[in-house]
Structures are given as C-alpha cells and as structure tokens.
1. Enumerate the calculated ³J(HN,Hα) couplings along segment 326-336 in order (Karplus 6.51 cos²θ - 1.76 cosθ + 1.60, θ = phi - 60°), each rounded to whole Hz, writing x wherever the residue is Gly or Pro.
2. Ignoring everything except DSSP H segments at least 4 long, calculate the 222 nm mean residue ellipticity for the chain; use -39,500 (n - 2.57) per segment, divide by total residues, nearest 500.
3. Express the carbon and sulfur contribution to the solvent-accessible surface of the chain as a percent, rounded to the nearest whole number, probe 1.4 angstrom.
4. If you count only protein heavy atoms and use a 1.4 Å probe, how large is the accessible surface of Trp363, to the nearest 10 Å²?
5. Straight distance only, please: which aspartates and glutamates reach the Cα of Lys526 with their own Cα at less than 13 Å, same-chain residues fewer than 8 apart left out?
6. Could you work out the local net charge near Asn444, counting Lys and Arg as +1, Asp and Glu as -1, over the other residues with Cβ closer than 11 Å to its Cβ?
7. Suppose accessible area is computed on protein heavy atoms with a 1.4 Å probe; arrange His408, His6 from highest to lowest.
8. With a 1.4 Å probe and all protein chains in place, put Asp483, Asp224 in order of accessible area, largest first.
Amino acid sequence: MNDRSHLPATIRARVHCRAIDRVSRFFNASVADAAAELIQNARRSGATRLDVATEATEGGTLVTVTDDGFGITDPAVLLSFGESGWDAATAKREDPAGMGVYALSKRGCVISSRPATAGIAPMPGWRVDLTPECFLGKQEARIVGCEDAPLPSGTAISFPADQSPEGIGAAFAAAARHCPLAVTVNGEPVERKAFLDGAVHVERWRGLAFGVYDNRFAGFNDPDLNFHGLAIIVALPTVDTIDGGTWSVRADVDACPELELVLPARREAVQTPFLDEMREAARIAVYRAMRRADRTPALSHAHYVAARRAGIDMPVAPAVLRPWRPGIADIDDWRDTPNREPVRPGILVMAVDPETQDQQCLWRAAELAGLAGSLYEADARLEGYDWYDALVRADGVRIDVTGGGVTHPLDALRGRSEPCSDIPAAPGLPDTRARPDAIHMHINIVHADGTSETIAVPTDVVFIGEEGTWVEDAHPLVARDSDLQPAGLCQLLEAAYFSASDDPDADSWETQRRRFREDATHLAIKLLATEDEARKHTIAEAVWREILWVMPRDREVSITVASGKVAVEFGPEIPQPEGAAA
C-alpha cells in the first residue's frame with residue numbers, strides 16, 4: 001500500500017496544450033479593454049500618436065487604430081501567448097503580459113505593420129488577417145506584403161465592433177485620458193489630463209510620483225494609481241484632520257518594476273509587501289505636504305505620533321473642542337454644528353451617548369442647572385494628547401424618577417409592557433399616569449487621575465418612550481413643580497421623536513411633521529394646560545380645521561355661543577400693511 005514507484009520523482013510547471021482553447025476568456029472582449037491594450041502597446045512601441053478611425057458597416061462599425069511606433073518585426077509574437085517581443089528594458093520596467101492583442105481574440109482583426117529602420121528607405125510592410133480560430137490555434141494565419149502599412153513605420157489594427165461610433169470614441173477617450181500618448185478619434189484630439197493635476201505637493205519614491213491633495217473631491221471607486229494611462233484603485237491612504245478636512249494621495253507610475261499588477265488586464269494590484277510599503281510611503285508624503293502647508297492641519301494623536309516617527313515635526317493639535325448639543329431624531333434635519341472653542345477650566349467632556357430623547361432631557365437639565373455652557377463633545381481622536389487626557393469627562397448617565405415617596409430608575413419604567421395604559425403601576429413602581437414629584441439626572445464624572453464621582457442634576461421632564469416611537473408612545477413625565485409650557489414640551493417631543501418615514505407610500509415630510517405637531521400639541525395640552533385652556537385649544541383647532549376657509553380674510557369675525565345659539569358678526573375691514581398687494 002505504501003509503494004510510490006508509480007509517482008514521478010519531481011514535477012515542473014508547464015502549460016497544457018488545451019490552455020490555448022481558453023485564451024479568449026482572458027479579456028471580456030469589450031471595446032474598452034481593446035482600447036486600453038492597443039493604447040498601451042502603441043506607447044511601448046515608442047509611438048508619439050495614435051489615431052482612431054470609425055467606419056459604419058452593414059453589421060456595425062469598423063474600427064481602425066493606427067500608431068507611428070517602431071512597428072512589429074516578427075509577426076509570430078502576435079500569436080505566441082505570453083511572449084511580448086518587447087526589448088529587455090521595457091520588459092523589466094513594465095512586465096508586459098505578452099497577450100494584449102488577445103483582447104481582440106473574440107472579434108478577430110486585421111493587422112498591418114512596417115518595422116522601423118535605421119536606413120533611409122523604409123522597411124517592407126506586411127499584413128495578416130487574424131480570425132478567432134487563429135487565436136485559438138485552430139487555423140494558420142498567412143503573412144502577406146502590404147504597401148499600405150503605416151509610413152515610415154508603425155502598426156494599424158482594424159476590428160469590427162457592434163457599438164456606435166460615439167460609444168467607441170468614448171471608450172478610447174476614457175482609456176487615453178491619463179496616457180502620455182496623444183490620441184485622436186476621427187481626427188479630433190482626445191482631451192487628456194495629467195493624473196496628478198491639482199496636487200498641492202508632489203514627491204518621487206521608487207519609480208512613482210505621489211501627488212497630495214487637500215480636500216480633493218473623489219467620486220465612488222475613484223482610481224488612485226495611474227499605470228501609463230491605466231487608472232486603477234490600490235487603496236492609498238487618506239488622512240482626516242480634526243477640523244474635518246481630508247487629505248488624500250494619488251500615485252503616477254514612471255518606472256516601477258516592484259509594482260505588480262494582476263495580468264493580463266492590470267485592473268488591480270497584486271498584494272505584495274511592496275504594496276504595503278507604497279501605502280505607508282504615501283501616508284508619509286501626506287504628512288510632509290501638511291507640514292509644508294501655510295497652516296499645518298490639526299491631526300489626531302495617532303497621526304501625530306506616526307508623523308513624528310517618520311521624522312516630521314508635526315505640532316500638537318490645539319486645545320479646542322466643539323460644544324456639546326443634544327441629538328435630534330430627524331436624520332434629515334441638517335443643523336449647523338457649533339464651531340470649536342478653546343478649552344477652558346471647568347468644562348465637562350461628554351464621553352457618553354444616551355438615546356436621543358434622553359439627550360434632549362439632559363440638555364434641559366443642564367440649562368436649568370446652568371451647566372449647558374460647560375458641556376463639550378468628546379473626541380476619541382485626541383486621546384493621547386496631554387491637554388485632552390487632563391480633562392474631566394462624563395462617561396455615564398442614569399435617570400431616576402420619584403413619585404409617591406418612591407424612587408426608581410427610568411429604565412425600570414421603560415421595562416413595563418404598556419407604560420401609557422390605564423393599568424395601575426406594578427407593585428413598587430410609581431404610577432406612570434401621574435406627574436412625578438422629582439426627576440434627577442445622575443452623571444458619572446471621571447477625573448484625570450482615574451477617580452470618579454456621581455453628581456445629581458435635577459430636571460423636570462423625561463420620556464418613558466424609547467427611540468423611534470410616535471407621540472402616543474413617548475409618554476412624557478413632567479415634574480409637579482415644573483414651569484414647562486405646552487409649547488416647550490411640543491418642541492422637546494419633536495426634537496426627541498420626530499423622524500419622517502421615507503417609505504414610498506408615506507406622506508410628504510411637511511405633512512408628517514404637521515401631524516406630529518398636532519398630536520404633540522394635544523398631548524402637551526392634556527398634560528400641562530388647565531381644563532379651560534385645553535377647551536380653548538380644542539375649539540380654536542376646530543375652527544381652524546373646519547370653518548376658517550369660509551371666513552372673509554379682509555374682515556374681523558366674531559363668533560358668540562350662548563344658550564346653545566351661535567351668533568356670527570363681521571367687524572370692520574382689516575387694514576392692509578403698506579406695500580401689500582390689493
């Protein structure tokens with residue numbers, strides 16, 4: 001059973017004869033792939049220009065691509081899979097795959113070429129018709145002389161396409177955008193742009209040029225490396241600053257044999273140690289550009305340490321923080337955030353993130369206690385700076401509600417299945433239908449030396465309802481001695497709970513907000529207003545909803561109700577403001 005005499009002593013890599021049957025699958029046969037490969041081949045051949053011509057045919061479009069490079073000396077390399085035929089310098093610098101023309105293997109093509117010569121007279125030209133069967137090795141391709149081959153040297157390739165001339169032109173324009181080779185389509189020059197255009201700092205590194213950008217707009221899947229016109233993504237780093245700016249970097253390849261791209265299409269980089277080194281070098285290039293800027297950006301402590309290790313003397317981030325403000329439930333309400341302010345003695349860093357409704361109540365408690373101006377946002381990016389680590393911070397909040405002489409955590413009330421129902425409170429819990437005697441926010445404070453304490457801040461309102469509920473489930477608890485007015489409670493409810501639905505069947509944002517405010521007003525009036533005030537509100541709302549539309553807008557209207565009878569009187573005309581339209 002252990003006899004291994006039938007096994008070979010050694011094995012060696014080889015290419016199976018059937019591999020040639022699959023060569024047409026190495027490219028997706030798109031015009032975009034063909035454009036990229038033909039432009040790269042022309043560039044390597046020393047061409048100074050490449051001309052694309054399209055001609056309408058019965059079946060689509062005939063595309064002819066002509067360059068003025070040094071031509072092809074040996075036509076056999078066209079069908080020698082993996083053999084490029086480029087000189088040693090080009091092979092070392094760019095690692096050609098030797099299969100670029102196979103981008104046309106599904107279409108077939110006609111190639112004519114005239115090799116360059118050192119003499120005065122041009123070399124003879126030749127021509128070959130390569131069918132898909134030729135690329136698969138199922139048919140021989142005959143070489144014939146061609147007087148129409150490009151002069152004095154160069155190569156012309158014609159192939160069929162089913163796209164429109166406009167689509168073909170767009171494909172070549174995209175492939176040529178960052179290529180050093182001049183390209184025309186039907187005689188019109190293609191717009192080109194240097195890949196590092198707009199960089200605020202450029203430096204060279206091991207055959208690459210890094211371009212650094214300050215707040216450059218980058219779209220989705222924006223390439224960050226240019227290989228002689230082939231723009232791809234290699235995930236070069238970005239550096240975010242404390243003030244919200246983002247610095248980024250792109251790389252342009254000059255001669256970098258250490259950079260390996262996945263063959264044959266080169267649409268992504270091979271994950272090698274060099275790639276990690278390149279990304280780190282790019283990050284350091286960003287630090288260097290930042291230090292040379294007119295105003296050095298403030299960095300997180302991690303970036304600050306990394307820059308210093310690289311020998312770049314970055315300054316400590318200034319001692320400024322953003323004042324803390326409570327969050328709101330409406331994610332579509334983009335309010336301006338407060339500007340950063342210099343840190344002063346006695347501030348409290350809010351290293352805690354309660355739910356939105358609790359943040360709103362905490363802010364009201366801080367306002368009532370005169371602490372609101374001392375609350376500042378935490379910023380974990382600054383941890384490690386001495387000035388930041390010395391600040392006092394809040395790392396926890398607990399809310400207690402006292403009613404009927406008993407105090408319980410708000411979380412215990414939230415644990416009830418139906419806090420808004422008419423079911424009496426469970427044994428030991430305060431009656432959530434009644435206004436509590438007192439409410440306290442207990443904030444845990446941590447000092448720089450690691451010691452902690454808890455401070456109790458009185459407040460007058462909290463909400464039992466959790467995030468994402470509507471008005472009827474918010475269930476506010478307002479202390480008995482609170483001077484909170486219905487309008488103020490409505491504002492708190494909206495900030496804590498209103499978030500419009502984006503369901504396609506939902507009403508507009510304005511309609512949803514109007515209905516929320518109506519429900520919030522009903523709740524606030526019922527909870528806080530006197531019986532007479534609540535009735536006045538109900539009557540006024542009924543008038544506004546049902547009969548306001550029939551009343552004259554230019555006259556006063558008096559409605560009197562007595563003994564079951566309703567009397568309506570029109571008063572004098574209401575004066576129009578100056579400048580108002582008649």
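The values are calculated or read from the model by the stated rules, or taken from the named source; none is laboratory data. Since this is a predicted model, take the numbers as computed values, not measurements. Quick reminder, even Gly has a Cβ in these numbers, built from the backbone with ideal geometry, and neighbours come from all protein chains shown. To get the accessible areas, we keep the full protein, side chains included, count just its heavy atoms, and leave off ligands, DNA and RNA. Shrake-Rupley method; radii C 1.70, N 1.55, O 1.52, S 1.80 Å.
1. x, x, 10, 6, 7, 6, 8, 8, 8, 8, 5
2. Working: 13 runs with 141 residues, N = 582.
It lands at -7500 deg cm²/dmol.
3. Working: 16680 of 32640 Å².
Of all accessible area on the chain, carbon and sulfur atoms account for 51 percent.
4. For Trp363, solvent-accessible area is about 40 Å².
5. Once the sequence-local aspartates and glutamates are set aside, what remains near Lys526 is Glu472, Glu518.
6. Numbers: positive: Arg393, Arg398; negative: Asp395, Glu453.
Surrounding charge for Asn444 is 0.
7. Values: His408 40, His6 140 Å².
Most to least solvent-accessible, the answer reads His6, His408.
8. Values: Asp483 110, Asp224 15 Å².
Most to least solvent-accessible, the answer reads Asp483, Asp224.
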